[in-house]
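We did not get these values from a lab; they are worked out from the coordinates using the rules stated. Predicted, not measured: the structure shown is a model, and the values here were computed from it. We place every Cβ from the backbone using ideal geometry, glycine too, and count neighbours over all the protein chains shown.
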Amino acid sequence: MSVQEAFKPDWYQALCDSDAGKVGSRKRAHKSVERTLAYLDRCLEKHKESEVLRHSCIFGSIEGGSVAEERELSAKETAKRPVAGFVLEGLDTNGPLDSVLPLCENGKKEIIQSILNELPDEKPRILHGPLDPANILAAVELGIDIFDSTYAFLVTERNAALTFCVSPDTESMASNVGKLQDSCNLQRNLYETSLTDKIFKDDFRPLVVGCQCYTCTNHTRAYVHHLVNVGELLGKTLLMLHNLYHFLRFFEVIQLALEEGTFEKLQNMIATRHCN
């Protein structure tokens, strides 16, 4: 807690035992719940005593591995405590750089739903992990409020740029390059485009036409392609600037869709353009 006092954060997450794993036993999952609740109680006690942290918010962690009953117990007990919000811990992959957190596999979606059923609607819920756009939309539909930027970071580590359409009127680089011949051997997937491919060496357009990020308004695909292929640190820096901007723009579109009642339309657009 002394570290938290030094940083004086707006909010922070209480210490937790999140190493139960998806293949752990019921006993191990229960132990993670008990330890996490004990940690939370100690953090809340210190938080209450601290003058420095009186304006900071503390979030409780939901544990229990892949055991639904333990997850529900963790959610119920954490909700009884005076926390400002909740973090759904232990659901990320902790895997290789190309791994994405799939909500529809291994019963994760059902576990998340069972957790959220025990939590109050008025307090925010956070889900960590590398979720791609389709999985983010699925999580929002379930009731998740806050995400981290892991996915944008992993895309950058692959020397790729986020190029999926964030709204119906956005021109996507992926749709442009998708028209090129298969002989070009272009490395791309549903949401991103790799800048390592030689086809970009003479492409002087921005990463995404119409994007207003620093990278797209000042540099070209050819320049970023050169940087990543020669191993210049600036290459990943420019990609990260673009990827974070593109990722945050996607969340702005989600917020607008929720306000205007067009969230289902946004889901269908992402599914139609990128998941077929």
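Values computed for the structure shown
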{"item": "Protection proxy ranking, peptides 153-164, 113-124, average beta carbon neighbours within 10 Å, highest first", "result": "153-164, 113-124"}
{"item": "Computed lengthening from Glu49 to Arg205, 0.36 nm per intervening residue step minus Cα-Cα distance", "result": "50.5 nm"}
{"item": "Rough spin-label spacing in nm, given labels placed 7 Å along Cα→Cβ, for Asn229 and Glu260", "result": "4.0 nm"}
{"item": "Efficiency of FRET from Cβ geometry, Lys27 and Ala79, R₀ 25 Å, rounded to 0.05", "result": "0.60"}
{"item": "Förster-model FRET efficiency, 25 Å R0, Arg35 and Asp145, C-beta, rounded to 0.05", "result": "0.45"}
{"item": "Label point distance in nm, Asp121-Gln212, each placed 7 Å from Cα along Cα→Cβ", "result": "3.4 nm"}
{"item": "Normalised contact order of the range 201-276, rounded percent, pairs of Cα under 8 Å and 6 or more residues apart", "result": "22 percent"}
